[in-house]
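Data first, discussion second: the structure below is written as structure tokens.
Every number in this text was worked out from the coordinates using simple rules, so none of it is lab data. Since the model is a prediction, treat every value here as computed from it, not as a measurement. Quick reminder, even Gly has a Cβ in these numbers, built from the backbone with ideal geometry, and neighbours come from all protein chains shown.
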Amino acid sequence: MTSGTITAAASGTWTLGDLKVNRVGFGAMRLPQRGQAFAPGATPGDRDQAIKVLRRAVELGVDHIDTAGFYFSSRRSANELINSALSPYADDLVIATKVGPRRDASGEWLPQATPDQLRGEVEENLRQLGRDHLDLVNLRLSGPDSIADHFGALAALRDAGLIRHLGVSNVSPEQLAQAQAIAPVVCVQNAYGLGHRPEQDRLLRACGEQGVAFVPFFAIAGAGREAGPSGGEQDEVLAIARAHQASPAQIRLAWALQRGPHVLVIPGTGDLGHLADNVAAGALRLTSDDLARLETVHQS
């Protein structure tokens, strides 16, 4: 399909708490560096190009940008790029960030933040983004342990006015329930995509039943994760892409969006052409036959 002037509005909308967003958003993870995110010694990305991509995303109707304080390279920070490109922020722009994982100045990973350290993480995001509050903060987890203390710390910051809405990332159904017992959860952000982690289907459906957004990351990359798509594409995906005059990446995004009206995608890129294609995927409607064929790929 041709991207033309298709905007993110073609994907439909969802409401995160009281914040309405288009269902195609933008993930900022790849902006600070070229190549694989978080790779040791990664080459910093082109600053001017990153700013152009962010501004063009907003021009194309993207009003949900996903970032984190730990998205940085030796000379680039995703939060600083967002601040430089988009501040002063439009009233309808929702910026979601994540806390929990930490990296030192050299990029090495540190132990997960303790509950007492989360306020500092939130305040650092506020400083980098140049904001007096954060629209949405996801607690990103790294294991199966109880999240009550960590989520309780974020709930206190929400009560203090530093955070508007809360979400959770990389969670199990049990951890989601623990968080919901403490404060409202507006979204779950887990790794998920066509053929990648189909065991997440049950949680995706449960989120829809509860009115909680499900925000898959790696919806295009799948098992390639931070490195991007890996290996050859499945024949069924290629055939359906040809039938729709679309790219395989667009098919994967369209498939994710059609898993439910509560699914929001946040594909990231540093390329203006890929950005337009990703946004245009929100207008692509797969047929019931397409979906049946792709279900076989998903479950294989």
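Arrange the peptides 201-210, 186-195 so that the one whose residues have, on average, the most other Cβ atoms within 10 Å appears first.
Highest to lowest by the protection proxy: 186-195, 201-210.
Report, by chain and number, residues whose modeled amide H sits under 5 Å from the one on Asp63, excluding near sequence neighbours (fewer than 5 apart, same chain).
It is Asn22, by chain and number.
Once amide H atoms are placed 1.01 Å from N in the peptide plane, what residues at a sequence separation of 5 or more from Gln33, or on another chain, have their amide H within under 5 Å of its amide H?
Gly45
Of all the C-alpha pairs in the stretch 147-300, what % are more than 22 Å from each other?
45
Per residue of the stretch 260-272, what does 6.51 cos²θ - 1.76 cosθ + 1.60 with θ = phi - 60° give for ³J(HN,Hα)? Whole Hz please, x for Gly and Pro, Karplus curve as stated.
Running phi through 6.51 cos²θ - 1.76 cosθ + 1.60 with θ = phi - 60° gives x, x, 8, 8, 10, 10, 9, x, x, 6, x, 10, 5 Hz.
Which of the peptides 163-173, 32-42 is most tightly packed, and how do the rest follow, judged by the mean count of other Cβ atoms within 10 Å per residue?
In descending order of packing, they fall as 163-173, 32-42.
Quick one: which residues, 5+ away or cross-chain, put their amide H under 5 Å from the amide H of Leu134? H built at 1.01 Å from N.
Counting only residues 5 or more places away or on other chains, the set is Ile163, Arg164.
Give me the Å³ per residue figure for the convex hull around the C-alpha atoms of the chain.
120
Ordered by residue, what ³J(HN,Hα) values in Hz, to whole numbers, does the stretch 174-190 give under the Karplus form 6.51 cos²θ - 1.76 cosθ + 1.60, where θ = phi - 60° and Gly and Pro are x?
The phi angles translate into 5, 5, 4, 5, 4, 5, 5, 6, 9, 7, x, 10, 9, 7, 10, 10, 10 Hz.
What is the distance in Å between the Cα centres of the stretch 76-96 and the stretch 104-126?
20
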